[in-house]
């Protein structure tokens, strides 16, 4: 059986470090929103994940919205759910650092399951830095 690293210790989890939250208003939930980001957004590639991002222009919603997708190709439900839990934890650590109004979708890779949490955390942080520096995008034409 594969050796799966443990999740971060309770001493560095958001509940122990302060009020790091991942509220429902910061979640990307609709299928159409995910498709819009995939079709019109930019990509940031790294070893453990791919981040798709697209600035929002609608004035009624402010702040970032984050979505996670984990393909069935990455394993069974247990493995996919573990990847999602680890990704959500890493996103919670750095969500407050993202000040632009943007939709971001993370697609983790298989290595995200066995990678050390600090590596996953650093790659999410780096993706947010790229999104923060480069929020503008050009629309693709059909």
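So here's what we get for this one:
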{"item": "Residue tally, condition farther than 21 Å from residue 34 by Cα and in contact with a helix residue (DSSP H, G or I) (Cβ under 6 Å, 6 or more places away or on another chain), over region 74-92", "result": "1"}
{"item": "Those residues of region 70-87 which are surrounded by 16 or more Cβ atoms within 10 Å (Cβ to Cβ) and either assigned to a helix (DSSP H, G or I) or under 10 Å from the mean Cα position of the chain (by Cα) (or both), in sequence order", "result": "74, 79, 80, 82, 83, 84, 86, 87"}
{"item": "Positions within region 30-54 being in a loop (DSSP other than H, G, I, E, B) and either in contact with a helix residue (DSSP H, G or I) (Cβ under 8 Å, 6 or more places away or on another chain) or closer than 23 Å to residue 123 by Cβ (or both), in sequence order", "result": "41, 46, 47, 48"}
{"item": "Residues located in region 98-125, provided they are more than 24 Å from residue 79 (Cα to Cα) and surrounded by fewer than 21 Cβ atoms within 10 Å (Cβ to Cβ)", "result": "99, 100, 101"}
{"item": "From 92, 56, residue being over 15 Å from the mean Cα position of the chain (by Cα) and either surrounded by 21 or more Cβ atoms within 10 Å (Cβ to Cβ) or touching a residue at least 40 places away in the same chain (Cβ under 8 Å) (or both)", "result": "56"}
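Since every read-out is calculated from the coordinates, none of them should be taken as a lab result. Since the structure is predicted, the reported quantities are computational estimates derived from the model, not experimental observations. Ideal geometry is used to build each Cβ from the backbone, glycine not excepted, and the neighbour counts take in all protein chains shown.
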